[in-house]
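Just so it is clear, none of the values below were taken in a lab; they were calculated from the coordinates. Worth saying up front: this structure is predicted, and the values here are computed from it rather than measured. No Cβ is skipped: glycine too gets one built from the backbone with ideal geometry, and neighbour counts run over all protein chains shown.
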Amino acid sequence: MSAERGLTKARVEALTDGIFSVAMTLLILDIRVPMVAHPAELPRELLALWPKCCAYVISFVMLGVYWVGQHAQFHLIQRTDRALLWMNILFMMTICFVPFSTALLSTYPRARAAVTVYGMNLIVIGLILYGHWSYATHGHRLVNHDLGVRTIRLASRRILIGPAVFAIAIAISFFGTTPSLLIFLCAPLIYLFPGKIDRHWSDP
């Protein structure tokens, strides 16, 4: 076995799981218990936290979507090489950026710059995941040769839906951020329901 393949799939998946765990945990740290002078003020202060709570839910679910997506890829990827490992490093770097972009969006939900940074963060994650899949499947480089071309294409299209939707959200933010925020809120629904590619998870 060459040096490029010295790191097994299990090691890559374990590291990725750890990164996702940390990133998902950091999201909640942006929501602080409000300090009030009188208990009667607490309901109003709790209500004021809704942008942060909403951003937390969206980002937590989206990180879950990306974790499931990467896990699904490694269900079909049989081996690793140096290039794939570095793609995973880039993927994890963008995942670690999500708590910051989430905090930015939750603090400035009406600012187009915050919407753009958050959307671009999710776009880059999706594109790296797409590049990861394309590299592994090109010429069946790192997947079994019996993996069908149709399956590869279905997975590629499913991955690219997210970046396309987030690009639309950024474009719409030039006219107002509220529609963009609604798109961010609804975007996870695209991946929560099983697609045609999901049947391959149960394949031996």
Helix 82-107 vs. the chain, principal-axis angle (Cα, 0 to 90°, nearest 10): 10 degrees
Anisotropy class of region 57-168 from Cα gyration tensor, a/c 1.5 cut: prolate
Hz values of 3J(HN,Hα) by residue in region 9-26 - Karplus curve (6.51, -1.76, 1.60), Gly and Pro given as x: 4, 4, 5, 5, 5, 5, 5, 4, 4, x, 4, 4, 4, 5, 4, 5, 5, 5
Dipole magnitude of the chain about its Cα centre (Cβ charges: Lys, Arg +1; Asp, Glu -1), debye to nearest 20: 420 debye
Percent RCO, i.e. relative contact order, over the chain, from Cα pairs under 8 Å lying at least 6 residues apart: 24 percent
For a label point 7 Å along the Cα-to-beta-carbon line of L26, residues of region 87-112 with backbone N under 13 Å: 92-104
Bins of 5 Å, starting at 0 and running to the largest distance - Cα pair percent for the chain: 1, 7, 15, 17, 17, 14, 10, 7, 5, 3, 2, 1, 0, 0
Backbone N within region 19-38 under 18 Å of label point (7 Å from L46 Cα along the Cβ vector): 31-38
Pair E13, R157: separation of 7 Å Cα→Cβ label points (nm): 2.8 nm
Label-point separation, V68 to H140 (7 Å along Cα→Cβ), nm: 2.9 nm
Spacing of the two label points (7 Å from each Cα toward its C-beta) at A171 and W86, in nm: 3.3 nm
Amide proton proximity set for V143, modelled H, under 5 Å, gap of 5+: Q78
